[in-house]
1. Out of curiosity, is PRO136 at pLDDT 85 or above, open to solvent by 40 Å² or more (accessible area, probe 1.4 Å) and not β-branched (Val, Ile, Thr)?
2. Tell me the residue from LEU291, LEU269 that is out of contact with any helix residue (DSSP H, G or I) (no Cβ under 7 Å at 6 or more places or on another chain) and either open to solvent by 80 Å² or more (accessible area, probe 1.4 Å) or within 30 Å of ARG315 (Cβ to Cβ) (or both), please.
3. Can you tell me which residues in region 143-179 are at pLDDT 85 or above, charged (D, E, K, R) and either open to solvent by less than 50 Å² (accessible area, probe 1.4 Å) or in a loop (DSSP other than H, G, I, E, B) (or both)?
4. Picking from ALA377, ALA338, which residue would you name as being aliphatic (A, V, I, L, M), open to solvent by less than 70 Å² (accessible area, probe 1.4 Å), closer than 24 Å to ASP458 by Cβ and modelled with pLDDT under 80?
5. Of the numbered conditions (1) open to solvent by 100 Å² or more (accessible area, probe 1.4 Å); (2) more than 30 Å from MET93 (Cα to Cα); (3) charged (D, E, K, R); (4) in contact (Cβ under 8 Å) with a residue 12 or more places away in the chain, GLU195 satisfies every one except a single condition; which is it?
6. So which of GLU278, GLU348 is modelled with pLDDT of 70 or more, open to solvent by 30 Å² or more (accessible area, probe 1.4 Å) and closer than 19 Å to LEU390 by Cβ?
7. Please tell me if ARG237 is open to solvent by 80 Å² or more (accessible area, probe 1.4 Å), farther than 30 Å from LEU64 by Cβ and either in a strand (DSSP E or B) or among the basic types (Lys, Arg) (or both).
8. Might you check whether a residue that is of a type in the set (S, T, N, Q), more than 21 Å from ALA373 (Cα to Cα) and at pLDDT below 80 occurs anywhere in region 431-440?
Amino acid sequence: MDSATASTIPQTSRAPDAPPPADSVAGDAAVGAPAAVAVRKRHTGSLARRMMLIAAGWITILLLGGGFALDRTLTDMVEKNFDDQLDYLLTAMMASTEIDNLGEVYFSRPLGDQRFMEPNSGLYWQISGEGHEAYPSRSLWDRTLKVDTSYTDTDIHIYNSDQFKGEPLRIAERSVVLPGSKTKWWFAVAASRGEVDAQLAKIRSILIWSFVILGLGLFMMATMQIWYGLSPLRRVRLAIQHMRTTGTNRVTDPLPLEVQPLVDELNALLAHSEKQAEEARTHAGNLAHALKTPLTVINNAATAKAPDLADTVIRESGTMRRHVDHHLARARAVGRRAVGHAHTPVCESAAAVQRAVERLYPDVRFDLAGNRAATVAIERQDLDELLGNLVENAAKYGGGSVFVTVDAEPADKKLCTIWVEDDGAGIPEADRSRIFDRGARLDTDKPGTGLGLAIVRDVVAIYGGKVTLGESADLGGLLVQLALPRAS
């Protein structure tokens, strides 16, 4: 688009020769700051430490819970076995007890356990009755079991007792009325808990040491698992370091499925950066080539002291300025594409371009139709420049009518098609490919630079779209089909 048209279309970007904003100056100053100022590296902690803490926490919780459950289970089993022995002895006592002629109890056969005959052996029995002296085992010697006779135990009753100093007891007792006697007798069997407590202490010691060894083994396994599991990340770091030191441009090492997407994205980013660098080199070379000829013309005219030197300088400097604007437009499009996807309403941009071009061509009839809600993933300034060049060319080279149709093919979910039609002479099919070249012009009678369609082709290609030329079925002139990516 010519400079006159460009000045009437709203632009938000800074002019090339305008002074940089304050923020930019401050940023440049920060970049040029002394290297002695250290940049603090921010991070969110270590992955290995997080995984180790999670593993340690779960291992600790599971071992403590499992150890407690196993301890209670084994303790209950040992105590139940001990109580079953007391129950067996108590049953044997009642089965062997009879009443003599005086109403006293005696054993019709002796109990089989020899410990009942040894004083302070740790195993005792005693029979008590109302109005009768207690009938104890020999192992009690001069001691007596304290039995609560105020209540009746029709079923066996087992409990712990500390009535013997230094010897905790486990007592099983039961009250019963023997045949041939009206007296209620209390049978009691007591055993020292020392043996049971020793067994339980041994069991707990084995459990503790076993779970400590198991926990250490699990911690070591978790450490090895974390070290081995994170090794692909170390390989990626070494591969990137290798790229930086050797100049390779891709990470090609085979990696696990979980890490490969990250490497694919990294390789895609590297490819994108290479493409941008190559585009920058191409732009620089093209600009240098474009400026070389005008500079040579000016230099030759100045050397020869040509009488039309001033006109030559003005003409060639204008040519250089147009080339600079062309390449700046491409550079802006590349930079904006790298930032991210934009959301630009097509009809708003087309209406703004229409108002600007109407001031230059007030006799041309414009018609804007189509999907008012269509949006494309292109920055507003770039879309204004694309439509401005196409609409201005249609108004300049057409016969007086310009139609703009937005989203002409709504069935395409990826690309939004914009049609720009005019009623001019059109472009022969043989010339449609070369018309996009820089400086190419078919009608040299009208003013222009031949860069408008070249800018359109380059900017559209940068955004991943496409532009084609055809013949308008309604107006008979040129039809420009502009396909741009839809905004997601």
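The values are calculated or read from the model by the stated rules, or taken from the named source; none is laboratory data. For clarity, every value in this text was computed on a predicted model and none was experimentally measured. Here Cβ is always computed from backbone atoms with ideal geometry, including for glycine, and neighbour counts include all displayed protein chains. Keep in mind that these areas ignore ligands, DNA and RNA; they rest on the heavy atoms of the full protein, side chains included. Shrake-Rupley method; radii C 1.70, N 1.55, O 1.52, S 1.80 Å.
1. Taking the combined requirement at face value, the residue satisfies it.
2. Criteria check complete, one pass: LEU269.
3. Of everything in region 143-179, those that are at pLDDT 85 or above, charged (D, E, K, R) and either open to solvent by less than 50 Å² (accessible area, probe 1.4 Å) or in a loop (DSSP other than H, G, I, E, B) (or both) turn out to be ARG143, LYS146, ASP162, LYS165, GLU167, ARG170, GLU173.
4. The unique qualifying residue is ALA338.
5. With respect to (1) open to solvent by 100 Å² or more (accessible area, probe 1.4 Å); (2) more than 30 Å from MET93 (Cα to Cα); (3) charged (D, E, K, R); (4) in contact (Cβ under 8 Å) with a residue 12 or more places away in the chain, GLU195 is out only on (2).
6. Every option except GLU348 fails the conditions.
7. Against the criterion (open to solvent by 80 Å² or more (accessible area, probe 1.4 Å), farther than 30 Å from LEU64 by Cβ and either in a strand (DSSP E or B) or among the basic types (Lys, Arg) (or both)), ARG237 qualifies.
8. The answer is yes, given that some residue of region 431-440 is of a type in the set (S, T, N, Q), more than 21 Å from ALA373 (Cα to Cα) and at pLDDT below 80.
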